[in-house]
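To start, the structure under review is shown below, and the notes come after it.
A short reminder: the numbers here are calculations on the coordinates, not readings from a lab. In this text the structure is predicted, and so the values were computed from the model without any measurement. No Cβ is skipped: glycine too gets one built from the backbone with ideal geometry, and neighbour counts run over all protein chains shown.
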Amino acid sequence: MKKHFMVGVREVHVRFYSVDAENEEEAKELVNQRAPCVVDEDFLEYANELGRDTWSVEEIAGKQPSPTHDKEGHQL
C-alpha cells in the first residue's frame, strides 16, 4: 500500500526593490542596507529550483494519497 508524503522543494526567487541612486553600486548598497529610500516592490519572480539534496520529505500519517495521475495530469 502506498503512503502519502509531503515534499518540500526548495526554490530561489528574485525579489525586486526600486531606489534612486547615483550608480548601480550605490543602488545595491542602499538596497543591502534597506535604506529608508528603498521601496520593496512586493514582486517576486521564480529563478530556479535547488537540488534534491535540499528537499524535505515527511510522511503524512492517516491521510489517503491523492488519485494517481499520468504525466499529462490525467487521473488514472
Between V14 and F43, what is the spin-label point distance in nm, taking each point 7 Å from the Cα along the Cα→C-beta axis? 1.1 nm
Rank these for me by crowding, M1, M6, going from fewest to most other beta carbons within 10 Å. M1, M6
Check which residues have an amide H placed less than 5 Å from Y17's amide H, if you skip close sequence neighbours. E41
Pseudo-spin-label distance H4 to E59, built 7 Å along Cα→Cβ, given in nm, is 1.4 nm
